[in-house]
1. Note down all Cβ pairs under 8 Å where the first residue falls in the range 105-126 and is surrounded by fewer than 19 Cβ atoms within 10 Å (Cβ to Cβ), the second is hydroxyl-bearing (Ser, Thr, Tyr), and they're at least six residues apart or on different chains.
2. Restrict the check to the range 162-178 and report whether at least one residue is among the aliphatic types (A, V, I, L, M) and either within 21 Å of residue 80 (Cα to Cα) or assigned to a loop (DSSP other than H, G, I, E, B) (or both).
3. Can you go through 140, 209, 154 and tell me which one is outside any loop (DSSP other than H, G, I, E, B), of a type outside the set (Val, Ile, Thr), loosely packed, with under 11 Cβ neighbours inside 10 Å and free of Cβ contacts under 8 Å to residues at least 60 places away in the same chain?
4. If residue 57 satisfies all but one of (1) exposed (fewer than 15 other Cβ atoms within 10 Å of the Cβ); (2) closer than 19 Å to residue 174 by Cα; (3) touching a strand residue (DSSP E or B) at 6+ places or on another chain (Cβ under 8 Å), what's the number of the condition it fails?
Amino acid sequence: MRLFKMFVGCLCLMAMASCGNGNQSVNNKPTGDSIMKEENNAVIETIMARRSIRKYKNETVNRELLDQIMECGINAPNGQNKQSWEVRVVDNPQVMKEICDALNAAYPDMDNAAGCFRGAPIMVFIARDKSYDFSAYDCGLMAENMMLSAQSLGIGSICLGSPVRFINDNPACEPILKRLAFSEGYELSLCVGLGYAAESPNAKPRDKGKVQYVE
């Protein structure tokens with residue numbers, strides 16, 4: 001009888017513990033200020049740790065990791081699920097050299113026009129569908145997903161606009177666009193550089209006063 005009572009008691013304790021864990025998983029969700037104070041929150045840590053990298057190690061990123069980053073990119077939110085983007089990933093050093101040489105040739109008066117790529121060993125060229133008004137926003141959301149997923153994998157990144165301006169504004173850069181082979185109706189919108197960081201820049205200050213609550 002004593003053993004039976006002990007057995008029943010153990011079952012009750014296990015049931016109470018199980019219910020407690022269940023309630024925690026449903027109700028113990030961080031809200032408000034507690035989100036910023038939450039320890040070991042991988043998403044927040046990744047966001048706060050990411051920096052724009054302008055110096056990279058002379059090593060490439062394998063395509064298995066690049067595939068993960070690209071998959072995260074195309075899973076970004078986008079208007080009406082139009083997925084109004086096209087992406088070209090250049091991870092071949094020879095192809096990247098061809099693009100850099102073509103850019104320098106298009107701007108002979110500049111000391112090093114290809115410096116706008118910041119030496120990133122991998123360049124992701126993102127084009128937008130010109131027929132859709134919100135495609136530029138979709139491309140921006142995609143780029144952010146790529147950079148955050150890269151950060152979570154230990155890979156540095158930088159979002160670049162200068163190459164877009166240089167390439168789109170100069171007819172002499174047409175060979176670059178032909179090499180990237182975007183579909184008709186798409187135009188280059190953003191570039192994202194990827195690679196293993198050779199620097200650890202500090203975070204630049206952010207103005208929290210830009211955020212206000214409407215009461």
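1. Between residues of the range 105-126 that are surrounded by fewer than 19 Cβ atoms within 10 Å (Cβ to Cβ) and residues that are hydroxyl-bearing (Ser, Thr, Tyr), the close pairs are 119/56.
2. no
3. Selected residue: 209, the only one of 140, 209, 154 that is outside any loop (DSSP other than H, G, I, E, B), of a type outside the set (Val, Ile, Thr), loosely packed, with under 11 Cβ neighbours inside 10 Å and free of Cβ contacts under 8 Å to residues at least 60 places away in the same chain.
4. Tallying (1) exposed (fewer than 15 other Cβ atoms within 10 Å of the Cβ); (2) closer than 19 Å to residue 174 by Cα; (3) touching a strand residue (DSSP E or B) at 6+ places or on another chain (Cβ under 8 Å), residue 57 fails exactly one: (2).
Bear in mind these aren't lab numbers, they're just calculated from the coordinates by the rules spelled out. Everything quoted here is computed from the prediction, not taken from an experiment. Note: ideal-geometry Cβ built from the backbone for every residue, glycine included; neighbour counts use all protein chains shown.
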